[in-house]
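Enquirer: I'd like to ask you about the structure that follows.
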Amino acid sequence: MTEPSHHSYDGLAGLYAIGGLNRIDRERFEQHLETCVVCVATVTELLPVARGLSQAAPTQKPPASLRLKIVGAEVASDPRPQRHARISSSGGRLAPMYRVVAVMCLIAAAVIGWYAAQHVTRSRQLRESLDASVLRIQAADHDAVTSRQVARELRARADVLAAPDVATINLQGQEAAPDASGRAFLSRTRGAVLVASNVPPLPPGQIYQVWFVVPPDPIAVGFARVDGAGRIFSTVDPPSDTGIPLAIAVTLEPEGGATDPSDDLLLLGRTDR
Amino acid sequence: MLAMVYDRVAEPAYSLAIRILKRPESAEEIVAAAFEQLNDEVDVSNADVDHLGAIVLSLIRQRAIVRRNADAATSEVDTKRERTAVEIPKPTSEWRERLLSPAARLRLQQSLAQLASKERTAIELVFFEGLTQYEISDRLTLPIDTIRLNVEHGLRTLAGTALGQP
């Protein structure tokens with residue numbers, strides 16, 4: 001499954017995992033990920049390290065005033081008896097500290113006001129610089145949730161693609177999508193992955209549904225997402241007792257899915273069964 | 001709940017902000033802003049503490065890099081813009097990010113410090129300074145392929161030594 005041009009992507013998985021690619025490189029690499037088991041495995045391996053890096057900076061103790069500023073007078077979350085005793089017994093002595101914090105908050109408010117005033121006269125250079133920063137951050141998009149979800153999905157795809165019993169089924173575009181084509185990778189033990197291109201955009205309120213054609217009736221096995229470029233790259237998880245179907249089909253159905261396939265057939269592939 | 005999150009993540013959060021921004025006053029401001037955003041935009045009442053802590057760390061990194069780049073261009077700061085530049089992760093019902101234990105965190109810090117200098121530098125320039133491979137290549141006057149391989153090899157080493165991956 002590793003495409004011949006993998007060499008040009010060598011080493012990008014690490015940069016991708018920690019947000020070191022610009023938008024163009026990131027999108028290009030994500031396209032490559034769709035067909036490269038090696039890079040999928042590498043990204044999956046490195047994402048936990050990338051998560052950990054946000055906790056790997058040399059330890060610096062935050063000042064006590066920061067806690068007061070953020071959580072105010074809330075007691076510590078580790079309510080050991082001595083801490084309770086210390087906090088409760090020192091309530092009177094903390095009062096001046098609260099006054100200090102209140103003054104600090106006023107100062108902070110004034111500073112923020114100054115920033116707001118400066119905002120009006122901000123230079124073009126700053127705007128451009130910040131725009132670049134925003135773009136970079138968005139490109140890096142080091143969001144932990146997204147990365148974890150991506151990792152889970154990539155792992156599922158990799159499991160199917162690397163399965164010893166994986167079979168490939170060519171999918172041909174049908175009347176509703178004559179230019180579309182694709183492949184299904186089917187493993188009895190690990191599920192199925194659908195890849196397709198030139199798929200028409202979804203009409204509002206509708207969804208692409210995947211079917212296994214098995215006697216006596218087709219079985220709905222999942223949904224296929226299409227991206228803005230008309231590509232499908234989806235994992236479906238058919239029931240374990242389904243076996244190898246006679247054919248795999250993708251149809252257009254109302255949002256939420258249907259119990260029987262409609263006539264709006266986009267892709268169809270027959271197995272050798 | 002906010003106090004529990006703070007107590008769980010304050011040290012790595014402040015350390016991360018200091019690492020990126022260098023200046024304690026800026027770090028404090030960014031940490032406070034991240035908690036404020038969390039409190040404003042996330043229902044923290046019944047959420048998982050580790051999960052909220054991971055969100056805080058993500059916000060701090062994003063905000064701090066935006067601030068760092070603004071500082072590099074001019075001394076002016078725009079906190080409103082910083083806020084629009086970052087996104088709170090959208091959690092799913094299934095996903096929960098776990099924070100490292102203090103022991104695991106120490107192990108990762110030590111492993112990072114012991115990495116080959118060229119690998120540690122490349123990783124730190126990406127993660128703590130927000131540079132791209134091209135910018136790192138310019139700064140270190142090294143070929144981009146070398147930067148890529150240094151980052152990937154360094155991360156693999158960290159995975160093996162600090163996180164116990166094979």
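Read the figures in this text as sums done on the coordinates, not as results from a lab. Keep in mind it's a predicted model, so treat the numbers as computed, not measured. Every residue, glycine among them, receives a Cβ derived from its backbone with ideal geometry; neighbour counts consider all protein chains shown.
Enquirer: In nm, give the distance between the simple-model label positions of residue A:165 and residue B:113, each being 7 Å from the Cα along the Cα-to-Cβ direction.
Expert: Inter-label distance under the simple model: 5.1 nm.
Enquirer: Between residue B:23 and residue A:38, what FRET efficiency comes out of the Förster formula 1/(1 + (r/R0)^6) with R0 = 60 Å and r the beta carbon distance, rounded to 0.05?
Expert: 0.90
Enquirer: Quick check: from the Cα gyration tensor, does region B:102-161 come out rounded (a/c under 1.5), prolate or oblate?
Expert: prolate
Enquirer: Can you pull the three principal axis extents for the Cα set of region B:23-74, in Å, largest first?
Expert: That works out to 41, 17, 15 Å along the principal axes.
Enquirer: Take the alpha carbon atoms of region A:227-273, find their center, do the same for region B:1-57, and report the distance between the two centers in whole angstrom.
Expert: That distance is 44 Å.
Enquirer: Just subtract the alpha-carbon distance of residue A:197 and residue A:156 from 0.36 nm times their residue separation and send over the number in nm, one decimal.
Expert: Between residue A:197 and residue A:156, full extension yields an extra 12.7 nm.
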